[in-house]
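To keep things clear, I will list the structure first and then write my remarks on it.
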Amino acid sequence: MRTAYSVETVRAAERELMARLPEGALMQRAVAGLAAACADLLGRVYGSRVVLLVGSGDNGGDALYAGARLARRGAGVTAVLLAPERTHEGGLAALRRAGGRAVLPGAAEELILRADLVVDGIVGIGGKGGLRPEAAASAAVVARSRAAVVAVDLPSGVEADSGEVRGAAVRADLTVTFGTHKPGLLIDPAREYAGSVRLVDIGLELPEVAELEALQDVDVARLLPSPSAESDKYRRGVVGIAAGSARYPGAAVLAVAGALRGGAGAVRYVGPAGDEVLARFPETLVSDGGPRKAGRVQAWVVGPGAGDDAEAVAGVLEQDVPVLVDADGLRLADRDVVRARTAPTLMTPHAGEAAALLGVRREEVEAGRLAAVRELAAAYRATVLLKGSTTLVAAPGGGAAAVRVNATGTPWLATAGSGDVLSGLAGSLLASGLDGRDAGSVAAYLHGLAGRFAAEGAPTVAHEVAEQLRSAWQGVFPPTHPTR
């Protein structure tokens with residue numbers, strides 16, 4: 001599991017560790033990792049041209065000390081002091097002793113344009129808002145240069161806790177972060193500014209529960225349902241799909257496609273697209289009596305392509321089993337009814353749907369995804385999966401459990417019907433026994449992998465994503481894993 005912690009938590013852990021270490025020892029642990037990462041990126045340190053963009057405080061100090069280490073290995077290192085009166089004195093002295101030099105911002109442009117490597121040490125993890133004008137000007141030059149860019153702990157101008165980017169910011173090729181990931185390194189829009197991320201262990205003791213966590217293959221493999229020798233289709237779970245309409249029968253077909261590949265033992269379909277579903281998937285159990293007369297299910301999916309079928313949504317929500325609400329169902333579901341449910345509810349909006357539910361502009365949700373998913377989870381007392389380039393899953397009430405983040409997908413998944421496949425898949429995982437948070441995050445992980453396999457760097461369509469779910473499922477297990 002990859003975890004991320006807030007600025008407040010990281011600083012508390014740093015204070016506790018610094019109290020037990022000699023003065024400056026913690027910074028030197030970080031600096032050693034930063035300098036090694038810079039050297040790896042350069043390949044050949046001797047004779048390379050390195051520019052340090054140095055702000056105030058310890059972030060700038062890290063850049064200066066790392067620059068000193070590179071200078072001792074033969075690099076030509078110049079520090080641009082963006083806050084000369086507040087420059088880290090020890091770091092600046094170390095750089096000068098190693099043969100580096102320091103200049104004021106007016107001399108920065110030519111140096112940056114000729115550099116092989118730029119180290120961003122402008123603002124630390126406590127920075128709020130975009131870069132100040134002078135720093136923004138330097139960042140703009142960096143963007144025009146051909147230099148590789150390494151950010152110290154976090155790209156300057158992005159917000160560590162929220163992943164928001166409120167103005168000008170540095171775009172890094174590599175971010176070297178210390179002690180733990182920060183939420184902004186895992187959440188868009190900030191994530192795209194970070195480039196690759198390298199974590200340097202500096203010995204922090206962190207709480208068991210993180211602010212953010214990201215599943216890895218081993219975590220997904222542990223959570224995926226596995227039939228036993230005594231399993232039958234009912235023990236494995238039956239998922240009901242209430243989806244589709246005369247106008248959108250394909251939504252039903254795609255939701256069923258995802259559900260059939262999600263681990264449940266059987267799929268029941270109710271709705272007007274039964275003929276289309278059976279033509280594609282004859283193993284589906286089709287009923288025309290509505291959700292209340294569909295028969296035994298362990299979970300429901302409602303909403304994809306449902307149009308204005310409020311009765312189907314209401315009929316599903318009144319049942320005492322886990323329910324996934326997507327697409328049109330999000331618009332038709334009564335908030336008070338969802339809040340009053342005792343069985344789990346999983347809502348799966350994209351940014352536009354989330355904005356409508358919150359009564360804000362879509363741009364606000366996209367700029368502050370973490371805040372939006374927590375707010376929705378609190379407002380509906382439901383697990384919320386906010387779809388997007390980084391999918392977020394928040395537990396009911398937006399409470400203490402870590403928000404899950406998933407980034408296995410590809411931009412090619414932004415295609416009609418892709419979300420319907422995800423809904424069916426997650427609903428099937430609910431029916432097989434996973435709770436809402438696990439079902440949503442595991443489904444997002446597999447769906448993202450399937451999207452990659454289907455696309456292979458080129459456009460894909462939703463039914464191809466569904467067809468790759470089996471490969472994605474197999475892909476999370478190591479080659480030596482026994483057949484399950």
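The values are calculated or read from the model by the stated rules, or taken from the named source; none is laboratory data. Note that the structure is predicted; figures quoted are calculated from it, not measured. In this analysis, Cβ positions are derived from the backbone assuming ideal geometry, glycine residues included, and neighbour counts consider all displayed protein chains. Calculation scope for accessible area: heavy atoms of the full protein, side chains included, ligands and nucleic acids excluded. Shrake-Rupley method; radii C 1.70, N 1.55, O 1.52, S 1.80 Å.
General observations
- Residue 395 being open to solvent by 30 Å² or more (accessible area, probe 1.4 Å) and more than 15 Å from residue 349 (Cβ to Cβ): no
Here is a yes/no grid of residues against (1) touching a Ser or Thr at 6+ places or on another chain (Cβ under 7 Å); (2) of a type outside the set (Val, Ile, Thr); (3) within 15 Å of residue 420 (Cβ to Cβ):
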| site | (1), (2), (3) |
| --- | --- |
| 254 | no, yes, yes |
| 261 | no, yes, yes |
| 270 | yes, no, no |
| 274 | no, yes, no |
| 277 | yes, no, yes |
| 280 | no, yes, yes |
| 286 | no, no, no |
| 296 | no, yes, no |
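- Wholly within the stretch 180-269, strands (runs of 3 or more DSSP E) carrying at least 3 residues that are in contact with a strand residue (DSSP E or B) (Cβ under 6 Å, 6 or more places away or on another chain) and open to solvent by less than 30 Å² (accessible area, probe 1.4 Å): 212-214, 238-242
- Test: residue in the stretch 297-304 that is on the phi > 0 side of the Ramachandran plot, open to solvent by less than 10 Å² (accessible area, probe 1.4 Å), of a type outside the set (Ser, Thr, Tyr) and in a loop (DSSP other than H, G, I, E, B): yes
- Selection from the stretch 11-31 of residues that are farther than 11 Å from residue 205 by Cβ, touching a residue at least 40 places away in the same chain (Cβ under 8 Å) and not basic (Lys, Arg): 24, 26, 30
- Flag for residue 96 being open to solvent by 30 Å² or more (accessible area, probe 1.4 Å), at pLDDT 95 or above and under 34 Å from the mean Cα position of the chain (by Cα): no
- Of the residues making up the stretch 117-137, those that are in a helix (DSSP H, G or I), surrounded by fewer than 21 Cβ atoms within 10 Å (Cβ to Cβ) and not acidic (Asp, Glu) are 133, 136, 137.
- Scanning the stretch 222-244 for residues that are modelled with pLDDT under 95, among the small types (Gly, Ala, Ser) and under 27 Å from residue 409 (Cβ atoms) returns 226, 237.
- Residue check for residue 324: crowded, with 18+ Cβ neighbours inside 10 Å and either among the acidic types (Asp, Glu) or more than 20 Å from residue 265 (Cβ to Cβ) (or both): no
- Of the helices (runs of 4 or more DSSP H) contained entirely in the stretch 328-406, those carrying at least 2 residues that are touching a residue at least 40 places away in the same chain (Cβ under 8 Å) fall at 335-340, 362-367, 369-380.
- Residues within the stretch 155-169 that are touching an Asp or Glu at 6+ places or on another chain (Cβ under 9 Å), crowded, with 23+ Cβ neighbours inside 10 Å and of a type in the set (A, V, I, L, M, F, W, C), tallied: 2
- For the stretch 414-441, filtering for residues that are in a loop (DSSP other than H, G, I, E, B), farther than 20 Å from residue 476 by Cα and touching a helix residue (DSSP H, G or I) at 6+ places or on another chain (Cβ under 9 Å) leaves 3.
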